[in-house]
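Have a look at the structure below before the remarks.
Each value in this text was obtained by applying a stated rule to the coordinates, not by laboratory testing. No experiment lies behind these values; they were computed from the predicted model shown.
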Amino acid sequence: MGKTCPSTDIEFPSYDDLIEIVNAHFPDSLEQKLVKKAVSRFRNLRKNGSSRRDGKKASTSELLDWIRWLKRYPQKAWEIIKNLPQNKPLLGALLKTKEDQERYQNNYQEEEEQEEEEEDIE
């Protein structure tokens, strides 16, 4: 008999919940402004990166991997966040298919505007 995975519809964590998750895994290791920007970029990547309804979207696991990457290069962290669409190796780790990566790159300008609006609300 093969393994089966029960289907569950668990809501993806909110912006604030993602920040709490990051801070729980990496307490006091990154400035909060950087964490907020990274989470905001990640949420937009997740929202705009998958063109298929059944496509696998980036999960909290990928977010935590990305935060580890930012921690590894703290002097370049802001640049890495800003230039994510052009960083093909990192983008490939967050979005699995070339189609999704290209879709995200094409939607990048729209994403910048959405992030600014989200940050203004906070």
Length released on extending from Asn83 to Ser14, taking residue separation times 0.36 nm less the Cα-Cα span: 22.5 nm
Expected output is a single nm value to one decimal: the length gained when fully extending between Phe26 and Lys71, i.e. 0.36 nm times separation in residues minus the C-alpha distance. What is it? 15.3 nm
